[in-house]
Ligand code: SF4
């Protein structure tokens, strides 16, 4: 399980999360809903080990997280992958799409061009698109590359923070299907953060609303 | 600047811009833009008087391309539509389909390497005005902010961060020559559901919803009859999207014309009277919004609707073609379940659908 317990986050004097707990179970999709400004994205970043909370604990399959961001131990850091709403903020603009997808494998000393090509193809990227840089592709194409990259180290948990909000309906359906196929074959747990109730109703096994819990089984 | 945007007549005949691929222009409603002869700024009405029908924007055969070293991006091809007061037309399509380029072309905001053909006639009280190729001074003095108000993408970042919303709104009003800018700014704020005191905030102090309202107030400063909203819901959550759409609907109901550009079918559904679906730079289906969303006839439109999470949630296979390498046949053919031998000829937009095998009502 990926678990946040009694997590509190403050920005300056503003309390963004106040003693919030959330569990993401392996093999299941947990939907996280709530209005804008409710702290959903902050909680997503805490669970992806990208933001250290002021109080509370995060555990990944029982291992407590003590260091965050780049300083988190590699094994924990790669156990959780994060996808953002805006792919342009999540990539190095100098790299080609292939290099973006290949980056985590290369950094782990496991460069594997065949696997990179297979991940790219699954995300719907082929041919010369893969040789382009971020400014030469659309948001949808770039997000496809980010999804392929997120799956490359076979994370045990995927945190999808408004992953498809900027995208058209067809690209959204495709990327959710790619994440679902991965979840089914790997047993990974997924946290789907979205303000779109129709999307969560379709995608999540159960939904949690931040600031008032709601245990909707679907 | 404006010199880079030239009417189609200046383009070399037979170039990549002559209304798309060979044979495409003939039967389409826009027709071949080069057949209509030059359209100087503010020419005499040739298509019937504007006064009788009141204001409208008539776009015919609009085609935009960009020349890059070694390639031509055909961003918009032979697009025709009309927008009238009291109606909202939503132009929907995925990112990169050319819809934002189209909006920029109408406002003369394209980069220098753009080549533009076709016509976009603004017919209103000042007399008709051809927007494409109009001098920058004319666009700045008579069009942007006056006849046409722009609601931009991500309103928060559109505002200057170091000045209050009020300073920016009052400056816009002064530039438009409006008297009593302070009172007028308060009025505009109130009409958008803002407290006048909210205007004294800096952009970073505005919530997403407030920034959206400020953007609407700015767009309305010159009392335009046409509102052009280019992906106005980026970054807003669903309740704010719904509110923004309700605000647009209100503007429409008070007699303004709305051209909404969006990738969001649900946003379009909430506000649009008419829908135009764009694929690979062309309009592939147009019609009443309810009908197009319930019973799409073009296979691409049907695929988009079917991909919605509250419908089948099934993606359209494949990806759109590169705008640098548009095929001569139907651009949707590689992804289309109904494609056959007939589809090698590009389908004209006829009767609201550009397809050789449009879906029947009972199939969609
Ligand atoms: S013209 Fe042919 S390929 Fe194109 S959308 Fe229609 S059926 Fe499909």
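Bear in mind these aren't lab numbers, they're just calculated from the coordinates by the rules spelled out. Bear in mind the structure is a predicted one, so any value in this text is a computation, not a measurement. Methodologically, a virtual Cβ is constructed for each residue, glycine included, from the backbone with ideal geometry; neighbour enumeration extends over all protein chains shown.
State whether segment B:229-342 is rounded, prolate or oblate according to the following rule on the C-alpha gyration tensor (a ≥ b ≥ c being the square roots of its eigenvalues): a/c under 1.5 gives rounded; otherwise a/b larger than b/c gives prolate, and the remaining case gives oblate. Display every interim value, and only then the final one.
Details: a/c = 2.03, a/b = 1.85, b/c = 1.10.
Cα axes put segment B:229-342 in the prolate bin.
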Pop the C-beta distance of residue B:223 and residue B:160 into the FRET formula with R0 = 22 Å and round what comes out to the nearest 0.05.
0.45
Approximate shape of chain A as ellipsoid semi-axes (Cα gyration tensor, √5λ), whole Å, largest first
28, 19, 16
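So how do B:201-211, A:22-32, B:255-265 stack up, highest first, on mean other-Cβ count within 10 Å? Present the calculation step by step, with values, prior to reporting the outcome.
On the way: B:201-211: 17.5, A:22-32: 19.8, B:255-265: 23.2.
Descending packing order for the listed peptides: B:255-265, A:22-32, B:201-211.
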Quick one: if you stick a label point 7 Å off each Cα along the C-beta vector at residue B:342 and residue A:185, how many nm between them?
3.9
Kindly rank B:223-231, B:278-286, A:33-41 from highest to lowest mean number of other beta carbons found within 10 Å of each residue.
B:278-286, B:223-231, A:33-41
Tell me the label-point distance for the pair residue B:207, residue A:1, using the 7 Å Cα-to-Cβ offset, in nm and rounded to one decimal.
3.3
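At a threshold of 8 angstrom on Cα-Cα distance, excluding pairs fewer than six apart, so keeping six or more, what relative contact order does segment A:93-175 reach in percent?
So the answer I get is 37 percent.
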Sequence of A:166, A:50 once ranked by neighbouring C-beta atoms within 10 Å, starting from the fewest:
A:50, A:166
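Based on other C-beta atoms within 10 Å, arrange A:116, B:79 from fewest to most.
Placing the least packed residue first, the sequence is A:116, B:79.
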Using the basic label-point model (7 angstrom from Cα toward the beta carbon), what is the residue B:113 to residue B:351 distance in nanometres?
4.2
If R0 = 45 Å, then residue B:242 and residue A:128, at their Cβ-Cβ distance, give a FRET efficiency to the nearest 0.05 of 0.65
Going by Cα centres, segment B:134-206 and segment B:278-309 are how many Å apart?
35
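Give me A:98, A:164 sorted ascending by neighbouring Cβ count inside 10 Å, so fewest comes first.
Working: A:98 19, A:164 26.
Ascending Cβ contact count within 10 Å gives the list A:98, A:164.
Need one value for A:195-208: mean number of C-beta atoms belonging to other chains within 10 Å of its residues' C-beta atoms.
Counting other chains' Cβ atoms within 10 Å and averaging over A:195-208 gives 3.
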Over the whole of B:302-309, what's the average partner chain Cβ count within 10 Å per residue? Rounded to a whole number, please.
5
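Per residue of A:176-188, count partner chain C-beta atoms within 10 Å of its C-beta, then hand back the mean as an integer. Walk me through the numbers before you get to the answer.
Numbers: counts 4, 3, 1, 0, 0, 0, 0, 0, 0, 0, 0, 0, 0.
Counting other chains' Cβ atoms within 10 Å and averaging over A:176-188 gives 1.
As an exercise, use a Förster radius of 45 Å and the Cβ-Cβ distance of residue A:86 and residue B:180 to find the FRET efficiency, rounded to the nearest 0.05. Show your work: numbers first, answer last.
Numbers: r = 41 Å, r/R0 = 0.90.
The value I calculate is 0.65.
Among A:177-184, B:118-125, what's the highest-first ranking by average C-beta atoms within 10 angstrom per residue? The partial results should precede the final answer.
Working: A:177-184: 16.2, B:118-125: 22.4.
Ranked from most to least packed, the peptides come out as B:118-125, A:177-184.
Could you work out [θ]222 nm for the protein assembly as shown from helices alone, using -39500 (n - 2.57) per DSSP H run of at least four and dividing by all its residues? Round to the nearest 500 deg cm²/dmol. Before the final figure, lay out each step's value.
Details: 17 runs with 159 residues, N = 582.
That comes out to -8000 deg cm²/dmol.
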